[in-house]
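Only the coordinates and a few stated rules stand behind these numbers; no lab work does. Everything numeric here is computed off the predicted structure, so don't read it as measured data. Please note: Cβ atoms are built from the backbone with ideal geometry, for glycine as well, and neighbour counts cover all protein chains shown.
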Amino acid sequence: MIFEAENAGKNSVPAGDAPEKRAIDLSFAESGGLAPYKDGRIWTDVFLKALEEYSEIFIPAGKYYIDRSLVVRSGTRIYADRHAEIIRMKGVKTLLLRNESVIDGSDSRIADDAPCDRDISVCGGIWGEENDGRTEYGLSGCYDDDNSMNGVCACFLFSGVRGLTLKNLVFRSTGGFACQLGRIDGLSVENLRFESCYADGLHINGNVKNGTVKNLYGHTEDDLIALNAYDWDNSSINFGSIENLTVDGVMSDREENSHKSFRILPGVYRYRNGEKEDCCIRNLVIRNVSGITAFKMYLQTPAYAGHPERDIGVGRIENAVFENIETDTSSPVDMQPNYVSGDPVTGSFAAFEIGSDVKNLRFENVRVRLDREKYPNSYFMLAGPKSQYYPDRGLELFDPYVSCTVEGVVYRNVFINGFPVNDLSGYIKTVEFDSLYPSELPFGKGKIASVSKDEG
């Protein structure tokens, strides 16, 4: 469990004002004393020692089992061989890897000058868990054994970082979110692959700005990517805006059980102390996306009976561009009974489903496949509330009280089933509900203020 001093020294380099922080190649780490596990050994202590004493860590090809969370500090750079497998062991409750300065922002707004880490990079390697299905909230992927931060459910967690790079990573068999991010200024994500991941792939929460996400691919059984400025209490510790973000290159795999959705979720979050947070999304560019069935741009609170668990307001999206997009919306992404049966009131679905206030929305080079023979209530875009109500339980999955306005929609080079569309109005619908069922909440409606074609 110790490093060979000679080799460590040979491979050491200075790191700014902290010359004690050197580089270490784990090829030179002693492993003979490590506890065996399955086809490898438990490397947790070696990794923790390396993270404490070195600023650069090189992980060679091999299999490394981990039984406690690895904590990454400011200035740390991890480089892993593409054949290096770092695996959280089955039965371990905590997440695999996180940064040091994590703060729970569930109860109240996090101060602007709160501690955060700086300049962290993780590049290369296969990072996984020993799961064969989705794990329950609070039982896996937790911040600690006590689940003291209820909104953490991940393999990777980075929350409170200025300057974060994640590159050339494979996530495998993750039971919660593969990678959960929040409170980040300066984000660079590139080349992430998801293999048999059972929840969200890349899950971005609030207070994230100035970033790029490039080339996401693979199999997830919930949202491949989620931009959740607002989120449920068990899915986030960071609530606030997402700003100045470009997502370039997203492709879901073709497997039948892959969940082919891209979620964009603003809202107005009410903290437990009563304060409100405007979780808006602004200055968003999304391009080069394929294999997706639906872009979910609507408020969705946890399923409820009678009234949502908390008073959450409709959120805002400002200045969003969708460019070079291909969707197969020939069937609904959520196979709920009302969509499958084609309910005339609640059974409409679309490639772009909007239940937020949106201003300035541009579509360019967008190709959508619809099957209107089988699903006549399928559209390019919907604006308004959604409902899936189960009267036997009094349970509502969506939020039919939502009212929203979409203004400033511009489109250019839109194709439906391979044919160019000169007039998109026949593929756009506003939704309005009235007295769906006895409810203590009013029912909502959508409004589209303006839609125009760019003739340039």
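Counting only C-alpha contacts under 8 Å and six or more residues apart, can you give the relative contact order of the chain as a whole percent?
Details: 1363 pairs, mean separation 37.1, N = 456.
So the answer I get is 8 percent.
Report ³J(HN,Hα) in whole Hz for each residue of segment 314-330, in order, from the Karplus equation J = 6.51 cos²θ - 1.76 cosθ + 1.60 where θ = phi - 60°; Gly and Pro get x.
Each residue of segment 314-330 in turn: 5, x, 10, 10, 10, 6, 10, 10, 10, 9, 6, 10, 10, 10, 10, 10, 6 Hz.
Do me a favour and compute the ellipsoid semi-axes for segment 222-305 from its Cα gyration tensor, root of five times each eigenvalue, largest one first, whole Å. Let's see the in-between values first.
Details: eigenvalues 130, 55, 15 Å².
Output for segment 222-305: semi-axes of 25, 17, 9 Å.
Output the relative contact order of segment 121-190, whole-number percent, from Cα pairs under 8 angstrom with separation of 6+ residues. Walk me through the numbers on the way to the answer.
Numbers: 140 pairs, mean separation 29.3, N = 70.
Over segment 121-190, the number comes to 42 percent.
Output the pairs from Lys63/Lys93; Lys93/Lys260; Lys49/Lys214; Lys276/Lys359; Lys38/Lys260 with a Cα-Cα distance over 30 Å in this structure; if there are none, say none. Please report the intermediate quantities before stating the final value.
Values: Lys63/Lys93 20 Å; Lys93/Lys260 28 Å; Lys49/Lys214 32 Å; Lys276/Lys359 21 Å; Lys38/Lys260 34 Å.
The pairs that break the limit, which is 30 Å between Cα atoms, are Lys49/Lys214; Lys38/Lys260.
Give me the three principal axis extents of segment 336-442 from the C-alpha atoms, as integers in angstrom, largest value leading.
Reported extents, whole Å, longest axis first: 45, 32, 17.
Can you pull the three principal axis extents for the Cα set of segment 127-170, in Å, largest first?
Here the spans come out as 30, 25, 13 Å, largest first.
Among the GluC sites (Glu not before Pro) within segment 240-334, which fall in a DSSP loop and have no more than 15 other Cβ atoms within 10 Å of their own Cβ?
On the way: sites: Glu243, Glu255, Glu256, Glu275, Glu277, Glu309, Glu318, Glu323, Glu326; in loops: Glu255, Glu256, Glu275, Glu309.
Passing both the DSSP loop test and the Cβ count: Glu255, Glu256, Glu275, Glu309.
For Asp39 and Ser450, compute 0.36 nm times the residue count separating them, minus their Cα-Cα distance, and round to one decimal in nm.
Taking 0.36 nm per residue and subtracting the Cα distance, the gain is 141.9 nm.
What Rg and what Dmax come out for segment 33-92 when only alpha-carbon atoms are used, in angstroms?
So, for segment 33-92, Rg and Dmax equal 11.5, 33 Å respectively.
Per 10 Å bin from zero, what fraction in whole % of the C-alpha pairs of segment 227-378 is there, up to the bin with the longest pair?
Percent of Cα pairs in each bin: 11, 36, 36, 16, 1, 0.
Please get the size of the charge dipole for the chain, origin at its Cα centre, with Cβ charges of +1 on Lys and Arg and -1 on Asp and Glu, quoted in debye to the nearest 20.
On the way: 49 positive and 68 negative charges, 150 e Å.
Result for the chain is approximately 720 debye, rounded to the nearest 20.
Output the direction-averaged projected area (hull surface divided by four) of the convex hull of the alpha-carbon atoms of the chain, in nm².
On the way: hull surface 91.5 nm².
So the mean shadow area of the Cα hull is 22.9 nm².
Tell me, what ³J(HN,Hα) does each residue in segment 362-372 have, in order and in whole Hz, if you take phi through Karplus 6.51 cos²θ - 1.76 cosθ + 1.60 with θ = phi - 60° and put x for Gly and Pro?
10, 10, 9, 6, 10, 10, 10, 9, 10, 10, 6
Relative contact order for segment 192-312: what is it in percent, counting Cα pairs under 8 Å that are at least 6 residues apart? Can you show the working numbers first?
Values: 301 pairs, mean separation 31.0, N = 121.
Worked out over segment 192-312, it gives 26 percent.
Expressed as an acute angle from 0 to 90° and rounded to the nearest 10, what is the orientation of the C-alpha long axis of helix 44-53 relative to the principal long axis of the chain?
80
Rounded if a/c is under 1.5, else prolate if a/b is larger than b/c, else oblate: which is segment 376-420, with a ≥ b ≥ c the root eigenvalues of its Cα gyration tensor? Write out the running numbers ahead of the final one.
On the way: a/c = 6.06, a/b = 1.94, b/c = 3.12.
In terms of gyration-tensor shape, oblate.
Net charge around Tyr65, counting only other residues with Cβ within less than 12 Å of its Cβ (Lys, Arg = +1; Asp, Glu = -1)? Display every interim value, and only then the final one.
Details: positive: Lys38, Arg41, Lys63, Arg68, Arg88, Lys90; negative: Asp39, Asp45, Asp67, Glu85, Glu129, Glu130.
Every neighbour counted, the sum reads 0.
Using Cβ counts within 10 Å as a stand-in for footprinting exposure, how do Thr346, Thr220, Thr212 rank, fewest first? The partial results should precede the final answer.
Numbers: Thr346 21, Thr220 29, Thr212 15.
Ordered from fewest to most neighbouring Cβ atoms within 10 Å, Thr346, Thr220, Thr212 come out as Thr212, Thr346, Thr220.
What ranking do Phe28, Phe419 get, fewest neighbouring Cβ atoms within 10 angstrom at the top? Don't skip to the end; give the middle numbers.
On the way: Phe28 16, Phe419 9.
Ascending Cβ contact count within 10 Å gives the list Phe419, Phe28.
Give a quick list of GluC sites (Glu not before Pro) in segment 51-137 that DSSP marks as loop, anything other than H, G, I, E or B, with at most 16 other Cβ atoms within 10 Å.
When the GluC sites (Glu not before Pro) of segment 51-137 are filtered for loop state and at most 16 Cβ neighbours within 10 Å, Glu100, Glu130, Glu136 remain.
What does the C-alpha gyration tensor say about the overall shape of segment 328-393? Classify as rounded when a/c is under 1.5, otherwise prolate if a/b is larger than b/c, or oblate. Let's see the in-between values first.
On the way: a/c = 2.74, a/b = 1.36, b/c = 2.01.
Cα axes put segment 328-393 in the oblate bin.
Assign one of three labels to segment 140-214, namely rounded, prolate or oblate, based on the Cα gyration tensor with a ≥ b ≥ c the square roots of its eigenvalues; rounded applies when a/c is under 1.5, prolate when it is not and a/b is larger than b/c, and oblate otherwise. Display every interim value, and only then the final one.
Values: a/c = 2.33, a/b = 1.15, b/c = 2.03.
Judged from the Cα gyration tensor, segment 140-214 comes out oblate (a/c at least 1.5, b/c at or above a/b).
So who's got an amide H within less than 5 Å of the one on Val152, skipping anything under 5 residues away but keeping other chains? H placed 1.01 Å off N, in plane.
Tyr143
Once you compute Rg and the Kirkwood Rh from C-alpha atoms, what is the Rg to Rh ratio for segment 52-168? Walk me through the intermediate numbers first.
On the way: Rg = 14.6 Å, Rh = 15.0 Å.
Across segment 52-168, the Cα-based Rg/Rh ratio is 0.97.
Looking at segment 357-424, which GluC sites (Glu not before Pro) are in a loop (DSSP not H, G, I, E or B) and have at most 10 other Cβ atoms within 10 Å?
Working: sites: Glu364, Glu373, Glu396, Glu407; in loops: Glu373.
Of the GluC sites (Glu not before Pro), the ones in loops of segment 357-424 whose Cβ has at most 10 other Cβ atoms within 10 Å are Glu373.
Among Cys280, Cys404, which comes first, second and so on when ranked by fewest other beta-carbon atoms within 10 Å?
Details: Cys280 21, Cys404 26.
Ordered from fewest to most neighbouring Cβ atoms within 10 Å, Cys280, Cys404 come out as Cys280, Cys404.
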